[in-house]
Each structure stands twice: as structure tokens, then as C-alpha cells.
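Peer 1: Quick one: structure below, then a few questions.
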């Protein structure tokens, strides 16, 4: 028998665990704002604060996008595309229109191409500001969120002047654009870019070397290059893994091949790299917009073909040809030749692809959108299982899930 002074009545940790009856806890995170954005529900199995298993349920934001598009004319699809990524709706407008134009086999005017680039890059900046600001806010950094939202609001003012709407723009048209630039808009955009640089600089200063922020983002939410490719990642989330893939460089469209800009590529595939891709891309988008404004040519913004573009009102009111062309386009739609095509552009979150099929009528026979957010959300569980619960929120933020494109 052990001596009295050697006796320790306190059981060891192993002895305690041997007698404890424990089981993992299953909790539902979401749907709620701001943590899981919209309709997403995450069913999480926890061992303490470690995520053992996670099931992602996208919820029900279903608008029947594809079938709705197949029951309207090619032009009437445009407002539906606005609702996919509602933070950067011009990407959806222009990406869809580019696919239709390629299937028809038409070239839009040079000025329209430049304006599409300018609008798309402004909305890319707005989307990246939203991602960085929301990530900061949900980690407790409210000041940088205010900088991001104020900067985004200035961009939204320019978009409103350009399109007539703040959120759902409905600006593009098959063959070009709805209207030309308003008077004085170029000068306003140039002043706006200066302010955006200031706000983006403040966000970078507040976050990128902040000890709390970097501790929460570096080394968390990691996904390898091979796994990201397997899930179908594109955009900043793929480039953060070290994959140099940007459609604006690899398969230039519109006039992107005329601009000098760099593609941001990370190394670690973690939350910090995905955040910092956006910071760098904001600066590169500003460079693109400035070059586009400097090179902006004159001329029309719409093709001169009454089979595709509505005739001028003067012709509609004063000629039978104008009346007939107007009537047929509105009632029957643009006659897109029979065939099929897949076309993709680089949206703020990655590859935005459109598969469209025409039977030769004025309505799509089949339309499917390959939105980048679905694949990113599919990889969320892989990035979070085996990691801490606290790491889930920044990981969810940096993939920038947009409900409208994920649950169409």
C-alpha cells in the first residue's frame, strides 16, 4: 500500500474520460444574417469546438431562373440575369449578352465594348469591397466595414447614373447597350476612382497587418490547389491557391487584350490569401478603368440592324418598316439562329458561364448558367471539417457566396 503522503485522490484525465458518457453535439447554423447570408443552413456536428462533419443546405431562394428564361424572349431574359449576383449585376448582363451575340455571330461596336469593360470593372470593385468589408465586420472590425460600404456606395452612384438603377441594372442589350454614357460621367468616374483608392488604402492599412485579423485568417480555411480544381473553384478563390487563371488574360473578350494589368495569385489557399486577392484586384480594376476611359472611342453603342436592335422612334412613328421591325422584335424577339454555345466571362467571383441553345425562334430553347458560387459553396465543408468552429465564419465570408446564383 502506498504511503499516505503519496496518495492522490484526484483521478487522472484518462480515468475521467473513461467514465464520462459523451457524444458529439449537432447544431444548426443559419439561415441568418450576417453569419450565413440569406437562405443557407449549415448542419454541423461538433466535438467540443471542432467541426467533425458539416452538411451544407443551400435553402430555398428558388426563382425557377432557367425555366423562366425559356418562356420569354431573348431580350426579356436580361432583367432575370440581374438577380443572380445582385452585388455585381452588370457582370451577369454582359456575360449573358456576350453568349447570345456569339451564337448570332455579330460584333458589337467598339465603344460598347469599352463601356462594358468599365461597367464590369466598377462592379468588380464593388463586389470585392463588399467581401472585404463583410469579412472585417464579422470578425469585429466595424471601421473597415464602413469604409468599404461608403466606397461601394460611391460606385453605386456612378452605376445609377449610367444605367438608371442602383441594383438591378438591365443595361445591356443584344448588340450593344441600352444607352450611351451620360454627360459628365467620365469626369465623375475619374474622381470616384481617386476616392476608391483612398478607401481601399484605409481598408488595407486597417486589416492586412492587423494582428487580430491576420491571426483569424492566416492558416484558416485552407484548400489545396488540387482540391480547389477538383471542386471547380474559379476566380479569386482559385487564384489564392496559386493557380494563375483569369479569363480576361487566358481567353480575352471585349477589349481586355488592350489593357495592361496583372493577375493576383496567392500561395496558401487560406482565408487571408482569398481576402488579399480582392485587395490587389481592386487596384488592378482601377488601372483597367483608367485605361479604358483614356482609350474610349466615339461612335454608336448599338449595332445598326433592325433584326436585332429596336429602330429609332422617328422611324417607328413615320415608316411602316420601322413599325413592323419594332413590333416583331417586341412580340417575337430577336431571331437567334439555331445552334448551341458555351460562353464564359470573368465575374467578380470567378467563371460565369452560359450554355444556351436556340431552335431558331425568338426565345431560348435551353439556357443554363454556370455560376461560380455553387462550386465554391460545395467546397465549404471540405475547408471546415476538422477545424475550429470559429474559423467557419471567415471561411464562409471569403468564398463570398451569393444566394441568387447558388439557388437559382
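Peer 1: Just need a number here: residues in the stretch 360-374 that are crowded, with 23+ Cβ neighbours inside 10 Å and in a helix (DSSP H, G or I).
Peer 2: 2
Peer 1: Quick check on my filter: what residues within the stretch 189-207 are under 20 Å from residue 138 (Cβ atoms) and surrounded by fewer than 14 Cβ atoms within 10 Å (Cβ to Cβ)?
Peer 2: 205
Peer 1: Also, quick follow-up: Hey, among the residues in the stretch 36-63 that are touching a helix residue (DSSP H, G or I) at 6+ places or on another chain (Cβ under 6 Å) and at pLDDT below 90, which one's surrounded by the most Cβ atoms within 10 Å (Cβ to Cβ)?
Peer 2: Only one residue fits best here, namely 58.
Peer 1: When you scan the stretch 350-359, do you find a residue that is over 21 Å from residue 253 (Cα atoms), part of a strand (DSSP E or B) and in contact (Cβ under 8 Å) with a residue 60 or more places away in the chain, even just one?
Peer 2: There is at least one residue in the stretch 350-359 that is over 21 Å from residue 253 (Cα atoms), part of a strand (DSSP E or B) and in contact (Cβ under 8 Å) with a residue 60 or more places away in the chain.
Peer 1: Still on this structure, please answer the following. How about the stretch 313-337: which of its residues are within 16 Å of residue 360 (Cβ to Cβ) and not in a helix (DSSP H, G or I)?
Peer 2: Answer for the stretch 313-337, where residues must be within 16 Å of residue 360 (Cβ to Cβ) and not in a helix (DSSP H, G or I): 333, 334, 335, 336, 337.
Peer 1: While we're here: For the stretch 210-229, check the following and say yes or no: at least one residue is farther than 22 Å from residue 398 by Cβ and without any contact (Cβ under 8 Å) to a residue 12 or more places away in the chain.
Peer 2: Among the residues of the stretch 210-229, not one is farther than 22 Å from residue 398 by Cβ and without any contact (Cβ under 8 Å) to a residue 12 or more places away in the chain, which makes the answer no.
Peer 1: If you don't mind, another one. In the stretch 54-77, which residues are part of a helix (DSSP H, G or I), touching a residue at least 24 places away in the same chain (Cβ under 8 Å) and within 13 Å of residue 369 (Cβ to Cβ)?
Peer 2: Selection gives 65, 66, 69, 77.
Peer 1: Kindly evaluate residue 179 against the criterion of being more than 22 Å from the chain's Cα centre (by Cα), in contact (Cβ under 8 Å) with a residue 60 or more places away in the chain and either part of a loop (DSSP other than H, G, I, E, B) or surrounded by 15 or more Cβ atoms within 10 Å (Cβ to Cβ) (or both).
Peer 2: Yes, satisfied.
Peer 1: Confirm whether residue 216 is in a loop (DSSP other than H, G, I, E, B) and farther than 26 Å from residue 290 by Cα.
Peer 2: No; evaluated as a whole, the condition is false for this residue.
Peer 1: Just one of (1) under 26 Å from residue 109 (Cβ atoms); (2) free of Cβ contacts under 8 Å to residues at least 24 places away in the same chain; (3) in contact with a helix residue (DSSP H, G or I) (Cβ under 7 Å, 6 or more places away or on another chain) trips up residue 166, so point out which.
Peer 2: Exception for residue 166: condition (1).
Peer 1: Right, residue 245: part of a loop (DSSP other than H, G, I, E, B), under 20 Å from the mean Cα position of the chain (by Cα) and farther than 21 Å from residue 399 by Cβ or not?
Peer 2: no
Peer 1: I'm checking my understanding of the structure. Among residues of the stretch 242-291 that are without any contact (Cβ under 8 Å) to a residue 12 or more places away in the chain and either closer than 18 Å to residue 115 by Cα or touching a strand residue (DSSP E or B) at 6+ places or on another chain (Cβ under 6 Å) (or both), which one is surrounded by the fewest Cβ atoms within 10 Å (Cβ to Cβ)?
Peer 2: Among those residues, the one meeting the criterion is 257.
Peer 1: For the list (1) crowded, with 16+ Cβ neighbours inside 10 Å; (2) out of contact with any helix residue (DSSP H, G or I) (no Cβ under 7 Å at 6 or more places or on another chain), I need the number of the one condition that residue 108 fails.
Peer 2: So residue 108 meets the others, but not (2).
Conditions tested, residue by residue: (1) over 14 Å from the mean Cα position of the chain (by Cα); (2) in contact (Cβ under 8 Å) with a residue 24 or more places away in the chain; (3) in a helix (DSSP H, G or I).
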residue: 80; (1), (2), (3): yes, no, yes
residue: 84; (1), (2), (3): no, yes, no
residue: 90; (1), (2), (3): no, yes, yes
residue: 98; (1), (2), (3): yes, yes, yes
residue: 102; (1), (2), (3): yes, yes, yes
residue: 108; (1), (2), (3): yes, yes, no
residue: 111; (1), (2), (3): yes, yes, yes
residue: 115; (1), (2), (3): yes, yes, yes
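Peer 1: Sticking with this structure for a sec: With buried (at least 21 other Cβ atoms within 10 Å of the Cβ) and not in a helix (DSSP H, G or I) as the only criterion, which of 340, 346 stands out?
Peer 2: Just one listed residue meets the conditions, 346.
Peer 1: Here's something else I'd like to know. Going through the stretch 292-302 one residue at a time, which ones are surrounded by fewer than 20 Cβ atoms within 10 Å (Cβ to Cβ) and either at pLDDT below 95 or farther than 26 Å from residue 201 by Cα (or both)?
Peer 2: Answer for the stretch 292-302, where residues must be surrounded by fewer than 20 Cβ atoms within 10 Å (Cβ to Cβ) and either at pLDDT below 95 or farther than 26 Å from residue 201 by Cα (or both): 295, 296, 297, 298, 299, 300.
The values are calculated or read from the model by the stated rules, or taken from the named source; none is laboratory data. None of the values given here were measured: they were computed from a predicted structure. Neighbour counts are summed over all protein chains in view; Cβ atoms, including those assigned to glycine, are modelled from backbone coordinates with ideal geometry.
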